[in-house]
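The values are calculated or read from the model by the stated rules, or taken from the named source; none is laboratory data. Please read these numbers as outputs of a predicted model, since none were measured by experiment. Positions of Cβ are generated from backbone atoms using ideal geometry, with glycine treated the same way; all protein chains shown enter the neighbour counts.
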Amino acid sequence: MSDLMQRVHGGASVRMTRAGLADLRQRGSAKAMLPRTDDPDPEVVFLNTAGGVTGGDRLDYALSVGAQARVTGATQTAERAYRAVGDDPGIVTTRLSVGTGARLDWLPQEVILFEGAHLRRVTEVELAGDAMFLGVESVVLGRAAHGEILRDARLDDIRTIRRDGRLVHQEHLALSADALADDAALGGARAMATLTLVGQGVGDALGPLRDTLGADGHASAMDGRLIARLMAADAAPLRRALIRAIVTLRGRPVPRVWQSDI
């Protein structure tokens, strides 16, 4: 029966240089926009017009930042992972590249998992030797305001960062029904996020970030990487803490698409 159901397939890729937009391609339900903002650096906002992801769907995003450019990437809204029919996961792949002397702040909004969701999310980042990268990945387990409690959902969230082709950071968040049922695994949290800052001198931001986070998260820095972990009982307090942390690391406000609560 699942083979007869319509599946979403889409892709959007953007190439930015210091002079501005160099190339934009999109197909299917994946779109990319460059909104006008008060920020001196351009924003690239990706959108899935299908309204969510379910089993068998495939979305591919790509953002390339040329030498000496500074760009912010985001998603227009939270991505929703709905109940999957069959064994195939929905797959969202994001490929990011940052050139010499460039900076990319990759700030997608949260993924919301619904009961029965099966999502595989892969993010691959390629950095030039002196490039700077700030990235966030956040997950919300159901909508507490609607009384939703997840008991059966699957997520594979894989993030890889390379500099000049050399692996500098990789992690894999795997959630399943067993983890959702284990109080020791999540400690009652239903929303979580990871912030990653990679580049020269990122350790200098550790103290200010810890002051900003307080009891809302933990951060550490080593070998040109700063990692912060945040967990909360619901999406709203996570978002508030995450915005404060992002502003601390960026030195400027979050993108406009972030400025409304889910």
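Just name the residue that is nearest to the chain's Cα centre (by Cα) out of those in region 4-28 that are surrounded by 19 or more Cβ atoms within 10 Å (Cβ to Cβ) and over 16 Å from L96 (Cα atoms).
G10
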Original post:
When residues of region 222-235 are filtered for being surrounded by fewer than 15 Cβ atoms within 10 Å (Cβ to Cβ) and more than 17 Å from G201 (Cβ to Cβ), how many remain?
Top reply: 2
Subject >> Filter result (surrounded by fewer than 16 Cβ atoms within 10 Å (Cβ to Cβ) and either under 19 Å from T123 (Cβ atoms) or in contact (Cβ under 8 Å) with a residue 60 or more places away in the chain (or both)) within region 171-195 >> reply: E171, H172, L173, A174
Subject >> Matching option when the condition is exposed (fewer than 14 other Cβ atoms within 10 Å of the Cβ) and among the basic types (K, R), among R210, R240 >> reply: R240
Original post:
For residues in region 156-177 being modelled with pLDDT under 95 and among the aliphatic types (A, V, I, L, M), which is farthest from E110 (Cα to Cα)?
Top reply: A177
**OP:** Return yes when I112 is surrounded by 22 or more Cβ atoms within 10 Å (Cβ to Cβ) and in a strand (DSSP E or B) and no when it is not.
**Re:** yes
Subject >> Checklist (1) basic (K, R); (2) closer than 23 Å to R103 by Cα; (3) in contact with a Pro (Cβ under 9 Å, 6 or more places away or on another chain) applied to R225, failing item >> reply: (3)
Original post:
Across region 35-80, what is the total count of residues that are in a strand (DSSP E or B), free of Cβ contacts under 8 Å to residues at least 40 places away in the same chain and more than 15 Å from the chain's Cα centre (by Cα)?
Top reply: 1
**OP:** Can you work out which of the residues in region 83-103 that are touching a strand residue (DSSP E or B) at 6+ places or on another chain (Cβ under 6 Å), part of a strand (DSSP E or B) and not hydroxyl-bearing (S, T, Y) is surrounded by the most Cβ atoms within 10 Å (Cβ to Cβ)?
**Re:** V98
Original post:
Looking at V202, V254, V198, which is the one that is of a type in the set (A, V, I, L, M), surrounded by 15 or more Cβ atoms within 10 Å (Cβ to Cβ) and modelled with pLDDT under 95?
Top reply: V254
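Per-residue answers, yes or no, for (1) more than 10 Å from the chain's Cα centre (by Cα); (2) over 26 Å from Q259 (Cα atoms):
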{"position": "D105", "(1), (2)": "yes, no"}
{"position": "P108", "(1), (2)": "no, no"}
{"position": "L113", "(1), (2)": "yes, no"}
{"position": "R120", "(1), (2)": "yes, yes"}
{"position": "F133", "(1), (2)": "yes, no"}
{"position": "S138", "(1), (2)": "no, no"}
**OP:** Identify all residues within region 117-156 that are touching a residue at least 40 places away in the same chain (Cβ under 8 Å) and of a type in the set (D, E, K, R); write none if there are none.
**Re:** D130, E137, R143, R154, D156
Original post:
Can L238 be described as more than 29 Å from D183 (Cβ to Cβ) and either touching a Ser or Thr at 6+ places or on another chain (Cβ under 8 Å) or hydroxyl-bearing (S, T, Y) (or both)?
Top reply: no
Original post:
Within region 32-51, which residues are within 18 Å of T94 (Cβ to Cβ) and surrounded by fewer than 18 Cβ atoms within 10 Å (Cβ to Cβ)?
Top reply: M33, L34, T49
